[in-house]
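A.B. asks: Pasting a structure here, questions to come.
The values are calculated or read from the model by the stated rules, or taken from the named source; none is laboratory data. Worth saying up front: this structure is predicted, and the values here are computed from it rather than measured. As a convention, Cβ positions derive from the backbone with ideal geometry for all residues, glycine included, and neighbour counts pool all protein chains shown. What goes into the accessible areas is simple: the full protein's heavy atoms, side chains included, and nothing from ligands, DNA or RNA. Shrake-Rupley method; radii C 1.70, N 1.55, O 1.52, S 1.80 Å.
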Amino acid sequence: MLKEFFKKIIVFIITREARAVLYKYKPEIIAITGSVGKTSTKDALATVLARAFHVRSAQKSFNSEIGVPLTILGCENAWGNPWLWIKVIMDGLALIVLKNHYPRIIILEVGTDRPGDIKRITSWLKPDVVVVTAFPEVPVHIEFFNSREALISEKINLVKALKPNGLLVLNADDADVYALKHTVSCNTLTFGIHGSADVSLLSSYIEYDMANKLIGIFGRVVYLENREPLHLKGVIGIHMFYSVLAALAAGIGKGVNLVDGIESLENFLFPPGRGRLLRGIKESIIIDDSYNSSPVATQAALDALKEVVVSGRKIAVLGDMLELGKHTVEEHKKVGARIPEVCDELVTVGIRAQ
């Protein structure tokens, strides 16, 4: 009880400070929502914009009522340490009172665990750009919502908060996301891997080195009359292109040339646990897709594993998919049903995966 009270006080103070900072410095706000790919999109977009702008992006997956104001203040989460929270509050006050070289653009993740989360944030946060990644059939974090539609409705609050002259960046391959295009009067840009989007992928394949070892994936990005090659190193899975296409689309919306955007991604590394390629023992390759998985992410990881050409065995090591509520049993069984067509062995971790 005391801990929850302390949290509410902290949220109240840092939110007021964040609002004052936004009023003083007036940065452009780019907010990213959706049920998958927010952190990867945020990191890719920060990389694309960093050449032309002074940018700050959320640390890791700072996307809550605490994470959003902390990102605006440029402070780290103090967790349960009251002395560190006092420092955070004092740093926020200094930012308000003193003159600082504040970023031109702030990139935020805005997520939800429970009904009302995003609505509370958008009561004071009005983005200049909103990027919507995807609404899978069974989204992560659905456990505390009555339905998928209720979860989507909560996330759409961010779109409703978009400034009238803002930009909406949408996934054209997701019907529910794309439908948002017809609900706003502001400018829109779309991205996708099936060719119908403003920023799309013409072709893609897995890249191997001369020794036939995995090095990444390749695709050709299309925007208007431009067709540019894009190499993503150290990662695998065609679904990984969604994050960089979203970042390129938002970058284009901010005036970044497609060629410059792609060049800035030349050495981009996806966050840990998102399809990253790791070298294992005995010439093995590990595809690390271990971050907080959901049904759509797990199926995409299995798609990538199936596509890989190897001389030895393919082994899937799969853990529990959490926060699925009533969908838990059915979705784990769906994953299990695919295993024989994808790999030679399965190792499970956790009672749900078992």
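A.B. asks: About the Cα centre of segment 64-159, what is the dipole size in debye to 20, counting +1 per Lys and Arg Cβ and -1 per Asp and Glu Cβ, all else neutral?
C.D. replies: On the way: 9 positive and 11 negative charges, 78 e Å.
The calculated dipole for segment 64-159 is roughly 380 debye.
A.B. asks: So, one more: Tell me, what is the percent relative contact order of the chain, built from C-alpha pairs under 8 Å that lie six or more residues apart? Walk me through the numbers before you get to the answer.
C.D. replies: Numbers: 659 pairs, mean separation 56.9, N = 354.
RCO, the chain: 16 percent.
A.B. asks: Quick check: the distance between the Cα centres of segment 221-273 and segment 124-166, to the nearest angstrom?
C.D. replies: 23
A.B. asks: So, counting K/R as plus one and D/E as minus one, what does the shell of residues with Cβ under 12 Å around His332 add up to?
C.D. replies: The answer is +1.
A.B. asks: What is the dipole size for the chain, taken about its Cα centre, with +1 at each Lys and Arg Cβ and -1 at each Asp and Glu Cβ, in debye to the nearest 20?
C.D. replies: Values: 41 positive and 38 negative charges, 234 e Å.
In debye, rounded to 20, the chain gives about 1120.
A.B. asks: According to a simple spin-label model (label point 7 Å from Cα along Cα-to-Cβ), what is the distance in nm between Val308 and Glu323?
C.D. replies: My value for the distance between the label points is 2.6 nm.
A.B. asks: Another question, then. When a/c reaches 1.5 or more, the comparison of a/b and b/c decides; with that in mind, is segment 47-110 rounded, prolate or oblate per its Cα gyration tensor? If you can, show how the numbers build up before the last one.
C.D. replies: Numbers: a/c = 2.78, a/b = 1.35, b/c = 2.07.
Because a/c hits 1.5 or more and a/b fails to exceed b/c, segment 47-110 counts as oblate.
A.B. asks: Next question, about the same structure. Which FRET efficiency value, to the nearest 0.05, is calculated for Asn165 and Trp79 with the Förster distance at 45 angstrom and r the Cβ-Cβ distance? It would help to have the intermediate numbers written out before the result.
C.D. replies: Numbers: r = 38 Å, r/R0 = 0.85.
Step by step, r from the Cβ atoms, then E = 0.70.
A.B. asks: Follow-up question, since we're still on this one. Could you tell me the relative contact order of segment 53-192? Use alpha-carbon pairs under 8 Å, at least six residues apart, and round to a whole percent. Present the calculation step by step, with values, prior to reporting the outcome.
C.D. replies: On the way: 184 pairs, mean separation 30.0, N = 140.
Result for segment 53-192 is 21 percent.
A.B. asks: Sticking with this structure for a sec: Under a Cβ-only charge scheme (Lys and Arg +1, Asp and Glu -1), can you give me the dipole magnitude of segment 213-319 about the Cα centre, in debye to the nearest 20?
C.D. replies: 420
A.B. asks: Listed highest first by mean packing, meaning other Cβ atoms within 10 Å per residue, what order do 140-151, 176-187 come in? Walk me through the intermediate numbers first.
C.D. replies: Numbers: 140-151: 15.9, 176-187: 14.2.
Ranked by mean Cβ neighbours within 10 Å, highest first: 140-151, 176-187.
A.B. asks: Specify, per residue and in Å³, the volume enclosed by the convex hull of the alpha carbon atoms belonging to segment 269-344.
C.D. replies: Numbers: hull volume 7.1 nm³, N = 76.
Dividing the Cα hull volume of segment 269-344 by its residues yields 94 Å³.
A.B. asks: Shifting gears a bit: Based on DSSP H runs of at least 4 residues, each adding -39500 (n - 2.57), what is the mean residue ellipticity at 222 nm of the chain after dividing by all its residues, to the nearest 500 deg cm²/dmol?
C.D. replies: Values: 11 runs with 129 residues, N = 354.
Helices in the chain give a 222 nm mean residue ellipticity of -11000 deg cm²/dmol.
A.B. asks: Please turn the phi angles of segment 251-265 into ³J(HN,Hα) values with the Karplus equation 6.51 cos²θ - 1.76 cosθ + 1.60 (θ = phi - 60°), one per residue in order, whole Hz, x for glycine and proline.
C.D. replies: My calculation for segment 251-265 gives x, 4, x, 9, x, 7, 5, 4, 4, 5, x, 5, 4, 5, 8 Hz in order.
A.B. asks: With the dipole of the chain worked out from charges on the C-beta (+1 for Lys and Arg, -1 for Asp and Glu) around the Cα centre, which of Ala134, Ile193, Gly312 lies farthest toward the positive end?
C.D. replies: Highest projection toward the positive end goes to Ala134.
A.B. asks: Please work out how much length the chain gains when fully extended from Lys233 to Ile9, using 0.36 nm per residue of separation minus the C-alpha to C-alpha distance, in nm with one decimal. All intermediate terms of the calculation are to be shown ahead of the outcome.
C.D. replies: Values: separation 224, 0.36 × 224 = 80.64 nm, distance 4.37 nm.
Result for the pair: 76.3 nm of gain on full extension.
A.B. asks: With a 1.4 Å probe and all protein chains in place, put Thr298, Thr47 in order of accessible area, largest first.
C.D. replies: These residues rank, largest area first, as Thr47, Thr298.
A.B. asks: Let me check something: with ligands and nucleic acids excluded, how do Phe135, Phe12 order by accessible area (1.4 Å probe), largest to smallest?
C.D. replies: Working: Phe135 10, Phe12 110 Å².
My answer, sorted largest first, is Phe12, Phe135.
A.B. asks: If the cut-off is a Cα-Cα distance under 25 Å, which lysines reach Lys99, setting aside same-chain residues fewer than 8 apart in sequence?
C.D. replies: Answer for Lys99, where 25 Å is the Cα cut-off: Lys24, Lys26, Lys87, Lys126, listed by chain and number.
A.B. asks: Any idea of His239's accessible area? Nearest 10 Å², probe 1.4 Å.
C.D. replies: Surface accessible to solvent at His239 totals approximately 50 Å².
A.B. asks: While we're looking at this one, here's another question. Only one of the values (1) 23.9; (2) 35.3; (3) 19.2 was calculated from this structure for mean projected area of the Cα convex hull in nm²; name its label.
C.D. replies: (3)
A.B. asks: Which lysines does Lys181 reach when only Cα atoms under 16 Å apart count, and residues fewer than 8 places away in its own chain are ignored?
C.D. replies: Reachable lysines: Lys155, Lys160, Lys163.
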